[in-house]
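Input: a single structure, listed below in C-alpha cells.
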Amino acid sequence: MLYKEVFNRGPKLYPNKLAIIDGSRRLTYKEIGERNNRLANALVDLGMKKGERLGMVLKNCAEFIECHAASAKVNCMVGGINYRMAAAGMKNMITDLSPRVLVVHHEYADTINAIRNQLPFVQTYISVGAKVEGMLEYEDLISKYSTLEPGIPSLPDDLAGVIYTTGTTGTPKGAIASRQCSLNRICNSVMMLGFNPSDRYLQVFPIFHVGFYIGMGPIFKCGTVALMRDWDPKEFCEIVHREKINQTNLAPVTLNMVLNLPGVKKYDLSSLELIQYGASSMPHDVMERAVKLLPNCKFIQGYGSSETFCPVYLRPEEHHVTLGGLSENPMRRTACGRQGPLSFARVVNEQGEDVKPGEIGEILLSGNTIMTGYLNKPKETEEALKDGWYYTKDLGTLDEEGFISIVDRKNFMIITGGENVFPAQVENVLFSHPKIKEAAVLGIPDAKWGEAVKAFVVLKSGETATGEEIVEFCKPRMANYAKPKIIDFIDEIPKTTTGKMDKMALKALA
C-alpha cells in the first residue's frame, strides 16, 4: 500500500462523511479529497519535484493535513516549523529544511517577512487565513486547479516528512521519515488505539510534532478529526461536550488542567472512551482524579520521540489494575510501557550489553517506525543509529515482563507543559546577556507544568540585575515555554573536576 492512499480511503469509501472539524469549518471526505488534489496540482505547477521540500508555519488546521496529503501525491518531502519559536529559531529551522514552497498562517506573516531576505531558497510563499502582500493566498491558489490526482509515482523508500526536535546543543534536528515509515506509524496508531469509522477524535497536540501520525489514524480509518489550534482547558471541554468526542491525546499536565478547571463537571465529557497521553508518566493522583471524573474512559501511554514515533505503550489494562487507576505495583506506576507491535526495545550499559532487570541503562529502540536519519546531519545520524537501533539517550530500566521505566534523561532535558526544553538552548541566550558571566539551567518539579525552567545566574563583577530583567531579555529570543520561570543569582556555578558544570550539585541547590 502506498502512503498517499491514507488520504484517499475516506474520499473513496465515505465521501459524504464529516472528515475534519476546524473551528467553524466542517469538511467532508469528498471536499477534503478534492482540496488535497487541487493543492497537489498547484504544487506541480509551482515546480515542485521529487525530493524537494514543502514547509509549513501553521497551527493545527485543515491546510496542515492537506499539505501532507498533497506532498504524498507529488512525492515531495514536507516539514512543519515550530511557530512558537522566536524569529531567529524559525529562520534556522526553515534554513535547515530549505523548502521550495512555504505555507504560512497569516498571523506569522510579519515574522516570516522580516527574515525573508535570509531565505533565498524559498521560491513561493502561500498565506493561509487572509491575503498577505507578496504571498499567494491559499484558497485563491487551489481554486484554479483540477480535483484529479496528478498521478506522480512514488516508492516506499522515498522520503515523506521531517519532524523537528531539539538536540542536546539546542540546535534543531529534523528527523526524516520515509513513506513506508510514515505509513507504519499511522498503522501502529490504528493497532494500538483501535480507531474505527465511528470515532470522533480531538487533536490537541500541535501536529508539527510527531503526534501528527496519531491524528492521521482516524483519517486512515475514515473517522472524524477535530482540531484545536491553541490549548485551552475550557475550549477542550466545550469541544468534547459539543462534538461528542470519544478519543483524544493529552499530556499529564494538560489533563491536570482539565481536572482543575472551575466548573468542569458542568460539561458532558461522558463521550470520552480513550485518552492517549505522552511526554511524561502520569502522576498517580492525577490518574485517580481522572478516573473519578471520567469513569467510562480508558488511558494509554505512548513513549517515543520525533525519531521513533511511539514504539512503546502502557496499555489500558496495564493502567487499570485497580479502580484507583495505576497498578499497585510501585515499579509499574512509573513504567512507560512495553514495546508495541512494530517495535523492539532494549536497555543496555555503556558497553552495549543488555542490563539485568532493574539495572539502569540507556533505552534503545528498533522497528519499522524509526527515522531514516537526521536531515543534513550525517554525524548525528551515525551517533543515533547503530546496528539498526536508535539510541534514545534516555536512562531507564527493563523488568522481567518487558516494562520500561524511565529513570532520567541524559543531558537533563526538561519537559514543561509537554514541550521539550534543552538547558543548553536557554543557557546560550543567557550567556549573550551583557551583564551575565555564567549561567546554568535545569528543570524543577512544577505542579502546573510538570517541570519549570530554572536558571542559576552569575553576574559580571560590579553588575546588578533583577530576575524580571533577565526574563524580559529572554522573551524575544526563545519560545515562551522555554524561558526561565525562576532566576537564582549565585556567586559561582559549581563545576566538576574537568571544568564542566556540575548539574547534580545544582540540583541539590534547587
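The values are calculated or read from the model by the stated rules, or taken from the named source; none is laboratory data. For clarity, every value in this text was computed on a predicted model and none was experimentally measured. Cβ sites come from the backbone with ideal geometry, for glycine too, and all protein chains shown count toward neighbours. Only protein heavy atoms, including side chains, enter the accessible area calculation; ligands, DNA and RNA are left aside. Shrake-Rupley method; radii C 1.70, N 1.55, O 1.52, S 1.80 Å.
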Once normalised by the length of the stretch 345-429, the mean sequence separation of its alpha carbon contacts under 8 Å that are 6 or more apart gives a contact order in percent of 24 percent
Check: C-alpha center the stretch 373-417 vs C-alpha center the stretch 178-196, spacing in Å is 21 Å
Against the 2.2 N^0.38 Å rule of thumb, the C-alpha Rg of the stretch 350-490 sits at a ratio of 1.30
For the table LYS91/LYS503; LYS49/LYS131; LYS73/LYS377; LYS59/LYS91; LYS17/LYS221, the rows whose alpha-carbon distance is greater than 19 Å are LYS91/LYS503; LYS49/LYS131; LYS73/LYS377
For the stretch 116-174 the trypsin sites (Lys or Arg not before Pro) that pass both the DSSP coil test and the at-most-15 other-Cβ-within-10 Å test are LYS131, LYS144
For the stretch 68-107 (alpha-carbon point model, no solvent) the Debye-based log₁₀ I(q)/I(0) at q = 0.20, 0.31 Å⁻¹ works out to -0.66, -1.16
Of the residues MET287, LEU259, TYR313, the Cα lying farthest along the dipole of the stretch 255-320 towards its positive end, which is defined by charges on the beta carbon of Lys, Arg, Asp and Glu, belongs to LEU259
Note on the stretch 370-446: alpha-carbon gyration tensor, axes a ≥ b ≥ c; rule is a/c under 1.5 for rounded, else prolate if a/b larger than b/c, else oblate; result oblate
Sparse-neighbourhood loop hits (trypsin sites (Lys or Arg not before Pro), the stretch 1-75; DSSP loop; Cβ within 10 Å at most 15 others) -> LYS17, LYS49, LYS50
Taking 351-357, 83-89 and ranking on average Cβ neighbours within 10 Å, highest first, one gets 83-89, 351-357
In debye to the nearest 20, the charge dipole size for the stretch 360-463, taken about the Cα centre with +1 at each Lys and Arg Cβ and -1 at each Asp and Glu Cβ, equals 620 debye
Rounded to the nearest 5, the percent of antiparallel DSSP beta bridges in the chain equals 60 percent
XL table LYS356/LYS393; LYS292/LYS454; LYS437/LYS485; Cα-Cα > 30 Å flagged, in table order, is LYS292/LYS454
Placing one equal point scatterer on each C-alpha of the stretch 147-239 and summing with Debye, one gets log10 I(q)/I(0) at q = 0.14, 0.15, 0.25 Å⁻¹ equal to -0.67, -0.75, -1.23
Using alpha carbon centers only, the stretch 203-255 is separated from the stretch 59-116 by a whole-angstrom value of 21 Å
Toy charge model, Lys and Arg Cβ at +1, Asp and Glu Cβ at -1: the stretch 119-182 dipole around Cα centroid in debye, rounded to 20, equals 220 debye
By the C-alpha gyration tensor axes a ≥ b ≥ c (rounded if a/c is under 1.5, else prolate when a/b exceeds b/c, else oblate), the shape of the stretch 189-254 is oblate
Whole-percent carbon and sulfur contribution to the accessible surface of the chain (1.4 Å, no ligands, DNA or RNA) stands at 51 percent
Rounded to whole Å², per residue accessible area for the chain with a 1.4 Å probe reads 41 Å²
Under Stokes-Einstein, the stretch 1-138 at 10 °C and 1.306 mPa s, with its Kirkwood radius over C-alpha pairs, diffuses with a coefficient in µm²/s of 103 µm²/s
The answer for trypsin sites (Lys or Arg not before Pro) in the stretch 209-282 that fall in a DSSP coil and have at most 15 neighbouring Cβ atoms within 10 Å is ARG229, LYS244
Given unit charges at Cβ for Lys, Arg (+) and Asp, Glu (-), the dipole magnitude of the chain about its Cα centre in debye, nearest 20, is 940 debye
Using alpha-carbon coordinates alone, the radius of gyration and Dmax of the chain in Å work out to 22.9, 72
From the Cα centre of the stretch 418-456 to that of the stretch 1-48, the distance in Å is 42 Å
For the chain, whose charge dipole is built from +1 on Lys and Arg Cβ atoms and -1 on Asp and Glu Cβ atoms, the candidate among TYR29, TYR374, PHE7 with its Cα farthest towards the positive end is TYR29
